[in-house]
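Below: one structure, written as structure tokens.
Every number in this text was worked out from the coordinates using simple rules, so none of it is lab data. Predicted model only: the values in this text are computed from it and were never measured. Here the Cβ is made from the backbone with ideal geometry for all residues, glycine too, and neighbour counts use every protein chain on show.
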């Protein structure tokens, strides 16, 4: 048992203390259902399989199968400098339980999916970290199967409860964006107001017409916004009838979906939806000692104590498993990055517009394997706003409205990042299947796709989930990039996406979808664009919107 210099420790609670301290006697312990004997992780007061409340704790063998790993090159925590291996293991006694951990006492180049692992403990203060090392067994085990095969998610989607569609009652009537750039050193509320004023003007409305406000995530943490509805209302004083804000929604686009529901139920007629980021400035202020990093030395995360500080560490392992199962390669992801850069070259508001070659992509510094620099979106400062209006009012406004055809929101798999699907980005397969259950349109009817690309693999997952190519077929579909070009089968992320235009957390994708359907995209305009799909998020509950031009 080794002593540790790790500075970020898990917060011990009544629910989890047994787990984080069980290594004191060299035993790994997990919650067990006393009735069906399933292992439950993270701990919960009820069994998700039989719904029993008879919960206890069980010592397990400490043996597991390696089901994912990524070599972290970029991110660091105090006491845990890069390089280190973030891994996921499936417990032998119940492979449905996956632990995020570190792979230790090994050469990362020798690790293989399916390798047999065993627990070793590292003590830090009052915590015993369960880490895993190879056992020396040479036989590789098959990876566990998902509860629902990726091809079968549509079977788990509930049918519409009514033939009446709430989507028919509203439309997008205005869009706006603030200036966008790296380290603008501008207060985030100023950027929010810029975008909102632009959207209101675009719709031909006034502030007095706005009776609803909706945002995501509503927090000002780590450069994640201006402070939400309260901050904007305090500045504008518009006295909204209805408001909405928070992270427990359908990704960043959840603010738009909530606004649609408010309009459909008569709670508002013109809802101003907004999203602001100032991560680039926030990062610079922290370097200058003028802002404090979020959190502290204790965390409730099940991933962060092991140095899994970014969504990249989870998605990198999903990407690696996709490579393993389907033969996908780094070049496959590279075609997405190259496509986004080619489109950004035609967009004057994009942050990165210089040409990008496959050699540039492959030779860029690694972030966390298999992701390199150009697999990751661009932290930036900027705000995007969208106005959702009642459809009976929309056609009297300044611009032709963009109509909502369908939304996809259903959660089908687990929302815990490391307990979810092994094959794709979590929270895309179910939402995509749900979307197509609410419309007679099909992927072949879509003219342009604006798909979430916080990382290149997000975008690949959405392409397969939405049916633009088959599950596992993206290697061939993306090869050469022609199918996703502006004149291809499905023009993708026509403004440059988050990989080149900038990280606007999905709202920028909705902005671009509207721009394309209006025919206002200039050099990057897709000819005769009438139907667009825009997704937001993944990992956390996400949402996807199908939009169409009026008439």
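Some notes on this structure:
- Relative contact order [Cα under 8 Å, 6+ residues apart], the range 1-135, whole percent: 26
- Helix 330-344 axis, angle to the chain major axis (alpha carbon atoms, nearest 10°): 20
- Length gained when the stretch residue 183-residue 61 is fully extended (0.36 nm per residue, less Cα-Cα span): 38.9 nm
- Alpha carbon centroid spacing (whole Å) that separates the range 24-54 from the range 120-182: 22
- Stretched out straight at 0.36 nm per residue, the stretch from residue 476 to residue 112 would grow longer than its current Cα-Cα span by 128.6 nm.
- Which of 210, 336, 243 has the fewest Cβ neighbours within 10 Å, and the rest in rising order: 243, 210, 336
- Once the Cβ-Cβ distance of residue 190 and residue 325 is raised to the sixth power relative to R0 = 51 Å, the FRET efficiency obtained is 0.65.
- This ranking places 299, 13, 281 by how few other beta-carbon atoms lie within 10 Å of each, fewest first, which gives 13, 299, 281.
- Residues of the range 401-416 with amide N under 17 Å of the 7 Å Cα→Cβ point at residue 152: 412-414
- Considering only alpha-carbon pairs that sit under 8 angstrom and 6 or more positions apart, the relative contact order computed for the range 166-281 is 35 percent.
- When 51, 374, 326, 361 are sorted by how many other C-beta atoms sit within 10 angstrom of their C-beta, beginning with the fewest, the order is 51, 326, 361, 374.
- C-alpha long axis of helix 254-264 to longest principal axis of the chain, angle in °: 50
- Distance between the C-alpha centres of the range 412-466 and the range 315-334: 16 Å, rounded to the whole angstrom.
- For the chain, share of DSSP beta bridges that run antiparallel, in % to the nearest 5: 80
- Here the range 474-532 and the range 227-272 have alpha carbon centers that stand 27 Å from each other.
- The chain: angle of helix 456-465 to the longest principal axis, Cα-based, in degrees nearest 10: 80
- Length gained when the stretch residue 145-residue 24 is fully extended (0.36 nm per residue, less Cα-Cα span): 40.3 nm
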